[in-house]
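Written out below as structure tokens is the structure these notes cover.
Derivation of every value follows stated rules applied to the coordinates shown; laboratory data play no part. These figures come from a predicted structure and were not determined experimentally. Backbone-built Cβ (ideal geometry, glycine too); neighbour counts: all protein chains shown.
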Amino acid sequence: MDAVPEDRDVKALKHSTRLLEDINKRLSRLLWDTKQDGKEPRRTLRARVNVHDYHKIIHLLESFQEFPQLLDPILVECMGNLTSGFSAYLLTGRDEAETVSDLEDRSAVNIIAALGQLLYVWMKVRGPKVVLRFLYNDPKWLEPMLGVFENSDKLIDQSDQSADVLNDVIEEKVETSSYSKKTERSGLSWHLRYVTLIWISHILYTPFDLITIADEAASSPPVPLVKVPPMPDGISAIARRVLTVACCSIHSAGKDREGASAAIVRLVVRKDVYHYLLDWFIDWVSTTVAICVNGNEKEDENGVVYVYLLMGLLSALSGIFASGERSIVGGPELLANVYETIVRELYADASGLIAQNAMLRKTLCKLLRNLAYLYLPPPGKSEPQDGPPEQVEEMIDQLLRFLDDRDSLVRYAASKSLSLIALRLAAADRSQIFEAVIEMYDTDVLYPNRALTKLEPKKRYKKDLSQVSVHLWHGLTLTVATFLRFHAATVSMLPKVLDCIVTALVFEQRKATFATGGNVRDAACYAAWSLARNYKTEEMMAERCIAPYPDTMTLPQLLAQELVNAACLDPIGNIRRGASAALQELVGRHPNMIQDGISLVQAIDYSAVALRSRASTDVASKAAVLGDACYWDGLINGLIDEWRGIGLQDSAGRIIAAKGIGSLAKIGILELNRRDEVWKISRNIIKRYGVGPTLDIDVRHGSWYALADIIFSLINELEGKEPKLLADILAEMKDKTGVFGIFDSVKPRDFVHPVLKPEMTCEAAAYLITALSDAAKIMCAQGRPDLPIPLLRRYLCVIDSALERWEENVTTVAVYAAERFFLHMNDRYRAEIVKLWLGKSRARTRRILVVKALGAVFRFFNLSKEEGTGLSMMQQDIIDGILVVSRSPHIEMRVAAMSALADGIFPQGFVNDQILQAVYRSLIDYSIDSRGDVGSWARIEAIRAVLSLQATRPIDISTPDTTQIRIFHKIIALSAEKLDRVRLKACDAVWKITAQEKDWAGGIFQGITQESSFWVNWDEYFETMVRILSHKPAMQAFLEGYATSAGAGSDSVMRSSTRAIQKYLSGLPAYPGTDGTVALSDIANCWIKIVGDAVASGDDRIVVPSLAMLGNWFESHLIERLEAGPFRFADIFPGAPSSRIIN
């Protein structure tokens, strides 16, 4: 899993200025209609806004989701536009809502609904706290804001579909139920309700008594669906209105529930209101909790879903305890009432409602944290000598249980709450909690070798984590990280803490089809960063490592080595980057404590480890040579002995790990003088995958790749510099590892039995044989004996097995192995093998790789030439065999034949008319089966074959009536066809074939490079390619292909191609002049010939899109220009009476 390879922050900043200007201008034009009133322009708010323009602004805003701070330059102006527009709409008096037509209702939306959603998107991208600073907080806006709910029928008509349209715009719909359908009848989208309620909560910060702002009851108050207890007497009318509006959304399934909770919190904690509403609200919550927790019903008779209602009420209660003054909400009687009637009932959870909903458990964690704050003394005051209250201990125990929750968001909330509560405790109590967390790491951990005292410490104390809970370890590691961030662990506990962090950095649990543990390792990186940042060097150096680590190693050095392994080897990109960041913090905070620390952080850069292929090879190689090679052992052993290397579950990861082993082995042999250790590691690699019942096929796949890459890395480094030294090293490897006889224990069924993943075995075996063949050739060149015949036969059997496969991952490796293996054979053996392969290629089974292998070995038979042909007998047999395969009924075999020509025959510079005819047949292959247009595979491969021929013998495009010119014209037709991948491949071929003739077709390719937008912008592409019609020899072929794009392509291709050809035809004269240039009549007559030929042959693929393209010409009045000349319109349908399409 790779992270993004480029520095996206820099790229986003580079291109943000233009986007920000676009957002600012579009937003102003969207909301305001500017008219000239005298000398000064006057702005008026639009009643409805265009959906298309609105969608563009939403799209631009959401593109800043990852880098919201880049929006700050336009934040003030945009917020000014939105808030002034919102206020202007609220102040506009309306007796009734505007009605709109159905067409307008889908193309434009009500301005108030659009403003609500725009503000919501700003809050989502930039954050509610930032946006709230720009919202009006004048008390005079409280009543107009309440009017949004109370007078919604005057703001938005009941039939207005703005809410549905806006939901479709950003594709963000919340879960619906019966209650949500009822509330949506108000016409207010959930975005608007959320923004308005948040705004109301912001206004409620006003220091004035609410009764001084307004004291009038609502004329038509909304009626909440939820059963609200009777409000207490004495409460002001404006407070009743706020509470009623909030209760209408407190049970919602969407974000507006959060807005309702915020409004209730700000209202209840006000000094002029709390003595009325605080006890009333707590009684309501306790009653609701009793109904929800002890009952079995999921919703009431009004359709109010209990889980959402309880979530909203608990969130509001938590907010009250967090925001209210201690003198208001911290009374002992009130806390005891809440704990007994609410918290204990939630602990019991008789109905299982809490256990079924993660958001409820997260809200409960926040409630416990805020409640514990009130039970404990405020900051600065000492805790009682007898410790925290019993209730706080129960809350801590419950939060410890939540660390093992199955949902990540609950574990995050529990970890944060537990750490923050601990900070309010005395140091002794805080240490007890931390010790309890550390002890929980040993739950279900097995030490299978602890009784074996003669084993080395690393193996003796190796932990078996197969039985532990992944969720618990994640929660514990998050908690440790937070505790360390606040320096909560004592110095004496650091060795045990570091042992837990190191174990968490390599945590992995294998399942049948997936692996878990990534979140644990991610949290461990955070814990390592916290430890490095918040503990002084003297504190970390005061203790020594515990078993199984040597006591001579310091804590910083041990942590550095493990972070190096994680940063280079972990399969997840975010963890590699997290480990790199933690390592930089460690080296920066503790200078001179890490061996070669500065060079190390320069090598293991945050950006360098983003790509796994780079981290496991280049970065690991740079780190391995530092610190007197103290990092080399951990890196290479991590790639061999652990799940991070050749034991990875994905094949791509194993291949990358194998390349890393090859790079590190080369360094160990050539730079670190650790040749014996490398040979020992190679033997361990061979033993790693086991045999018989213990065989691990995935590990064997990675192991064979690793052995091959060790050989390849040595060859690439020494072959051109010191071939004798290379031969000596390879001979030593052969003697001390036995790698050349590795296939002795492999059974034939391993290559064919479907349960044993034969495709992976064949792929890795072929790759290893390639390396062994190259190594044997190098040793033989230095006077050492070649491989014995029995061993060569065994290798040949393996290659034959690999050539029997058809999987894509085996293709390149197996064919290349066969080609390299031919170097060890004389002509007689080569001829026998080719005859065997030719027989297999003619069999009924699809031997795809055998055909490709015939093309690959074609070059080995160029010694004895036959007179007149320039080919040896075996070469002629190979070509004849490939030509036979090119007529196979199986598309895969026809594709393989073209691939053999492209990779084997044409690079040798040989071609004849029979081969060209086979290529042409593939270019017109339009076979279709249940998989779709499978003929496109043959067309693409034939185009590649033509380019291969062009590299050795350029195509003749000037001589008419030849097979080569027919091929060229067919490629021109394909460059305009409807399939994107075929069209681009064909266009690339036309571009390269005509590169020597700059003026071909008027020089249409001048100025075009591989980086030009021409290749990705269909408008530009077709406007350029349509000029081929000016080249008369290619007109018919190009127009035939163009019809499939303009009449039957995808929507974007049809629009671009139709627009381009109509623009081109409108610029042509109706009839040709004396200069001989192409005219509209020439195009029309060419079209008549194409359709006539297609109707005669019954080719629907051409006829149908051609007629569609003609219809577009008639609609655009292009054909009408021919009425003044001799053009015969009756000739347009020459085959109409016999055409089954028209009939």
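Table for the structure above
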read-out: Under 19 Å from Lys459, Cα to Cα: aspartates and glutamates that are on another chain or at least 8 residues apart; value: Asp442, Asp444, Asp499, Glu508, Asp551, Glu562, Asp633, Asp641, Glu642, Glu677
read-out: Listed peptides 740-752, 360-372 by packing density, highest first (mean Cβ within 10 Å); value: 360-372, 740-752
read-out: Ranked list, fewest to most other Cβ atoms within 10 Å of each Cβ, for Met873, Met1109, Met493; value: Met873, Met493, Met1109
read-out: Segment 572-722: translational diffusion in µm²/s, Stokes-Einstein, Kirkwood Rh over Cα pairs, 4 °C, 1.567 mPa s; value: 81
read-out: Karplus (6.51, -1.76, 1.60) ³J(HN,Hα), θ = phi - 60°, over segment 982-998, in Hz, Gly and Pro reported as x; value: 5, 4, 6, 4, 5, 5, 4, 5, 4, 4, 6, 5, 8, 4, 7, 10, 4
read-out: Helix-only CD estimate at 222 nm, as mean residue ellipticity for the chain, using -39500 (n - 2.57) per DSSP H run (n ≥ 4); value: -18500 deg cm²/dmol
read-out: Under-5 Å amide H pairs with Ile957, H placed in peptide plane, nonlocal only; value: none
read-out: Dipole moment magnitude, nearest 20 debye, the chain about Cα centre, only Lys, Arg, Asp, Glu C-beta charged; value: 2600
read-out: Straight-distance crosslink candidates among lysines, where the alpha carbon sits under 20 Å from Lys416 and sequence neighbours closer than 8 are dropped; value: Lys362, Lys366
read-out: Under 5 Å, built H, 5+ apart or other chain: amide partners of Lys298; value: none
read-out: Listed peptides 1067-1074, 48-55, 944-951 by packing density, highest first (mean Cβ within 10 Å); value: 944-951, 48-55, 1067-1074
read-out: Per-selection Kirkwood Rh - the chain (Cα, Å, 1 d.p.); value: 36.5
read-out: Kirkwood hydrodynamic radius of segment 484-587, Cα pairs, Å; value: 13.8
read-out: Net charge contributed by nearby residues that have their C-beta within less than 10 Å of Tyr705 (K/R +1, D/E -1); value: +1
read-out: Amide H within-cut-off set for Ala108, under 5 Å, with H built and near neighbours excluded; value: Val51
read-out: Relative contact order for the chain, counting Cα pairs under 8 Å that sit 6 or more residues apart, in percent; value: 4
read-out: Computed over segment 645-824, the ratio Rg/Rh where both radii use C-alpha atoms and Rh is Kirkwood; value: 0.94
read-out: Residues of type lysines that Lys463 reaches as a straight line, Cα spacing below 19 Å, ignoring anything fewer than 8 places off in the same chain; value: Lys454, Lys496, Lys511
read-out: Net charge contributed by nearby residues that have their C-beta within less than 13 Å of Ile320 (K/R +1, D/E -1); value: +2
read-out: q = 0.11, 0.15 Å⁻¹: log10 I(q)/I(0) that the Debye formula gives for segment 378-612, counting C-alpha atoms only; value: -0.58, -1.07
read-out: Karplus-derived HN-Hα couplings along segment 603-611 (A = 6.51, B = -1.76, C = 1.60, θ = phi - 60°), whole Hz, x at Gly and Pro; value: 6, 8, 6, 4, 7, 5, 8, 5, 8
read-out: Cα gyration tensor, segment 913-1065 - rounded (a/c under 1.5), prolate or oblate; value: oblate
read-out: Cα pair distances exceeding 17 angstrom across segment 444-489, given as percent; value: 54
read-out: Solvent-free Debye scattering, log10 I(q)/I(0), computed from the Cα coordinates of segment 1012-1098 at q = 0.15, 0.16, 0.19 Å⁻¹; value: -0.58, -0.66, -0.89
read-out: 3J(HN,Hα) from dihedral phi, segment 60-68, Karplus parametrisation 6.51/-1.76/1.60, rounded to Hz, x for glycine, proline; value: 5, 5, 5, 5, 9, 4, 7, 10, x
read-out: Net charge contributed by nearby residues that have their C-beta within less than 12 Å of Gln398 (K/R +1, D/E -1); value: -2
read-out: Two-decimal ratio, segment 809-934, of alpha-carbon radius of gyration to 2.2 N^0.38 Å; value: 1.05
read-out: Kirkwood hydrodynamic radius of segment 897-975, from inverse mean 1/r over distinct Cα pairs, in Å; value: 12.7
read-out: Number of Lys pairs (Cα under 15 Å; 8 or more positions apart or on different chains) in segment 633-742; value: 5
read-out: Ranked by how many other beta carbons lie within 10 Å on average, peptides 649-659, 288-298 from highest; value: 649-659, 288-298
read-out: Quarter of Cα convex hull surface for segment 272-375, i.e. mean projection, nm²; value: 6.5
